[in-house]
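Each value in this text was obtained by applying a stated rule to the coordinates, not by laboratory testing. Keep in mind the model is a prediction, meaning the values are calculated, not measured. Please note: Cβ atoms are built from the backbone with ideal geometry, for glycine as well, and neighbour counts cover all protein chains shown.
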Amino acid sequence: MKNISVRLYELAKMVDFTPIVADIGTDHGYIPYLLLKENKCMIAIATDISEPSLKKGKSLLESEFTPFQYDCRVGDGLEVLEPMEANAVIIAGMGGILISEVLEKSKEKAMSMDYLILQPMQAEEELMDYLTKEDYQLMEVRLVKENKKIYPIFKMKPGISEEIISWESFKEDPLFTELCQHKIHVFEEIEEQIQKNSADKKGIEEIQQEKRKWEGYLV
């Protein structure tokens, strides 16, 4: 389909065959559509907190698949799922803090999944901190570029892990150097603006520290 973005295609690629997959915050239903089209699941559960958005997804799915292959549900996060109902879950297109809150709110359900695929739009480091704190195991990471912005995708497995999840986890990705260079440029611009408009030494020091962190990734 022409309307499906590169980001969503990359998300779908990270899904191993799984009997039942839930896409939380599905919006137009593109991810369940891709998974069913490519035979990556037997049943796709599409959920969204917005009923009008979910209607778009339902319309797409019913145009191609039988009612036995998908289920559309209005609701908040993982609360619309029964315990142990889905084998895997995808949460994409939300902020990292919101994704963390969704997982925390339904922790038992999240921990029962074979794996989770998470794609934050911002607050990525907050999500990394949460996943580390909750001992999620890192299975795979990927960076995807869309409309000049680079997005991280995490494939996680519940379980005990001593691994710290950070931007270091993405160092082998071909887009990582470009991501670092972009972040450094952004912090340089912020630093320049602070110096022009104020004498906030603390603010400058914090920005310089962030810039050095990204420069360190390139060493």
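A compact table of results
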read-out	value
Over the chain, volume per residue of the alpha carbon convex hull, in Å³	140
Region 98-119 residues near the modelled Ser161 label - backbone nitrogen below 16 Å, point 7 Å along Cα→Cβ	100, 103-104, 110-119
Among beta bridges that DSSP assigns inside region 8-107, antiparallel share in %, nearest 5	0
Convex hull of Cα atoms in region 49-112, direction-averaged projection (nm²)	4.7
Centroid-to-centroid separation of region 96-124 and region 156-216 [C-alpha atoms, Å]	23
Tilt relative to the chain, helix 201-217 - C-alpha long axis, 0 to 90 degrees, to 10	60
Debye-sum result for region 17-131 in log10 I(q)/I(0), which assumes one identical scatterer on each alpha carbon, at q = 0.19 Å⁻¹	-0.95
Angstrom value of the Kirkwood radius, inverse mean 1/r, which spans all Cα pairs in region 96-217	15.9
Angle in degrees between helix 176-197 and the longest Cα principal axis of the chain, rounded to the nearest 10	50
Rounded to 5, percent antiparallel among DSSP beta bridges of the chain	35
